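The values are calculated or read from the model by the stated rules, or taken from the named source; none is laboratory data. Keep in mind the model is a prediction, meaning the values are calculated, not measured. All Cβ positions, glycine included, derive from the backbone under ideal geometry; neighbour counts span all protein chains shown.
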Ligand SMILES: Cc1cc2nc3c(=O)[nH]c(=O)nc-3n(C[C@H](O)[C@H](O)[C@H](O)COP(=O)(O)O)c2cc1C
Ligand code: SF4
């Protein structure tokens, strides 16, 4: 009996995968000659809904299949891997979008049954945790993570091994591991894809981290707008507990190490992704940023030493412990080691998630993987690293995907989100929208951010409406100076960046009055 795979994560569902699932189930009952396996997404969103069949170990794809196409596809020989046009795209491993990628963190996404522990274990899951529990002590785990050169994927690119070392070295009666799955940057979806497609990789990464720092309790904080990711993680936690993958005696093999995880829903605010606001929110308070220092590694959740890492950072740990830190560090450039999940969004022919080693250029990613802009459109700008990233025009696209190369040109790679704007975008409207977003999302703790973002939004709004005044842009400059210099967190400090870059790059758009 053949296995037929269907991607059923949020992105696939948004274009009809649920209906395709119902059609496949009906045909399965009628024909009884295939098994339906539900997976997460491979990140090739432009191919979804995507149905695959496995024949002699190779996966063959049928793209953009709708519910009404399913019976016909089966009648015409999908189970035999027939070339049925316009759906058939051949071997998945050979399609250009996937062929050039190096999937390490996202190796299971779209490949194995999502939320099935046996499928995870069959694909080398658990090897890293076994090594961490039975072969390595805490300093050896941390040394391996340091050797990998892994830097946090949540935005600040802080070295993960150094953070773990600080928590391990800080004495306390209790320590915590927190996975940051708030993923608020517009145009980013790596954490969601990971949690929906390969939840056990995150749990395994958290358990290894717990062993390394001496924590016995973990939390996964998931953005409120991600109900499917939350449901999948809750299911994975329960399954893992039943199987001894979490609990009092990890792996039930006499490890004597206890670790358990709780899934929590985010509070629906962008600022709750900032680590200290997240901790406040986890403690049941309003998500307000805490001054640093003290850092969470010393004084975190309930005042205890806490590792807070991004979901993608933690989900990369099993590969590092399984294959070795040196193996991981052999990829990448400079101080940006390994691979990064670039999330392509906006005006592109083939938006999706691409995992590549650091070092390729932004232009390559946009053109070779994203397919370039749609026919007849020209590039206005690219925004990388979320709503606080600057606008990059054509002349900057040859920058390497590398945390430090981006910093050198005054940009930031952040969580790896790339949003492409074309000639239909009005720079003034974009600047207004981005600043209005900050005004809405500011936690309000410090005046430059709370009032500055509000005032800058009003000024941009008045220019938009043709009521701009002489001196408006100078005033925005002054506000930006205050926000950059005296905001408590990066939300206020970096909010002026895209607006100032829009004014610098497209001054004519701001002369509306
Ligand atoms: C306004 C703001 C929002 C943030 N949102 C997120 C987020 O959604 N997810 C995330 O992992 N980190 C976010 N961060 C970064 C976190 O504060 C923190 O650096 C990160 O979770 C640490 O994990 P890492 O070392 O694995 O990157 C945000 C930071 C700021 C200033
Ligand atoms: S900069 Fe803005 S979001 Fe950050 S602490 Fe201050 S008011 Fe809150």
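For (1) within 16 Å of ligand 2 (Cβ to nearest atom); (2) surrounded by 17 or more Cβ atoms within 10 Å (Cβ to Cβ); (3) outside the structural domain of residue 206 (by TED's automatic domain parsing), each residue gets a yes or a no:
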site: 109; (1), (2), (3): no, yes, yes
site: 126; (1), (2), (3): no, yes, no
site: 138; (1), (2), (3): no, no, no
site: 141; (1), (2), (3): no, yes, no
site: 145; (1), (2), (3): no, yes, no
site: 149; (1), (2), (3): no, yes, no
site: 153; (1), (2), (3): no, yes, no
site: 161; (1), (2), (3): no, yes, no
site: 165; (1), (2), (3): no, yes, no
So which residues in the range 283-299 are within 13 Å of ligand 1 (Cβ to nearest atom) and either under 24 Å from the mean Cα position of the chain (by Cα) or closer than 21 Å to residue 218 by Cβ (or both)? 287, 288, 289, 290, 295, 296, 297
Given the conditions (1) in contact with a strand residue (DSSP E or B) (Cβ under 7 Å, 6 or more places away or on another chain); (2) within 14 Å of ligand 1 (Cβ to nearest atom); (3) on the phi < 0 side of the Ramachandran plot, every one holds for residue 440 apart from (1)
Would you mind stating whether residue 425 is away from ligand 2 (no atom under 16 Å from the Cβ), in contact (Cβ under 8 Å) with a residue 24 or more places away in the chain and either under 29 Å from the mean Cα position of the chain (by Cα) or surrounded by 21 or more Cβ atoms within 10 Å (Cβ to Cβ) (or both)? yes
Report yes if some residue within the range 366-384 is more than 23 Å from residue 311 (Cβ to Cβ), in contact (Cβ under 8 Å) with a residue 40 or more places away in the chain and more than 26 Å from the chain's Cα centre (by Cα); otherwise report no. yes
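Check the range 464-477 and report whether any residue there is under 30 Å from residue 276 (Cβ atoms), more than 15 Å from ligand 1 (Cβ to nearest atom), modelled with pLDDT of 95 or more and more than 26 Å from the chain's Cα centre (by Cα). Break it down into steps so the answer makes sense when it comes.
Keep residues of the range 464-477 that are under 30 Å from residue 276 (Cβ atoms), which gives 476-477.
Those left that are additionally more than 15 Å from ligand 1 (Cβ to nearest atom): 476-477.
The next check asks that each one be modelled with pLDDT of 95 or more; those that pass are 476-477.
Narrowing further to those that are more than 26 Å from the chain's Cα centre (by Cα): 476-477.
Checked against the condition, which is being under 30 Å from residue 276 (Cβ atoms), more than 15 Å from ligand 1 (Cβ to nearest atom), modelled with pLDDT of 95 or more and more than 26 Å from the chain's Cα centre (by Cα), the range 464-477 yields at least one hit.
Rundown of residues vs (1) touching a residue at least 24 places away in the same chain (Cβ under 8 Å); (2) under 22 Å from residue 156 (Cα atoms); (3) assigned by TED's automatic domain parsing to the domain that holds residue 294, yes/no style:
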| residue | (1), (2), (3) |
| --- | --- |
| 438 | yes, yes, no |
| 441 | yes, yes, no |
| 446 | yes, yes, no |
| 449 | yes, yes, no |
| 454 | no, no, no |
| 458 | no, no, no |
| 479 | yes, no, no |
| 485 | yes, yes, no |
| 492 | yes, yes, no |
Could you look through the range 236-247, keep only residues that are within 16 Å of residue 206 (Cβ to Cβ) and out of contact with any strand residue (DSSP E or B) (no Cβ under 7 Å at 6 or more places or on another chain), and pick out the one that is surrounded by the most Cβ atoms within 10 Å (Cβ to Cβ)? 236
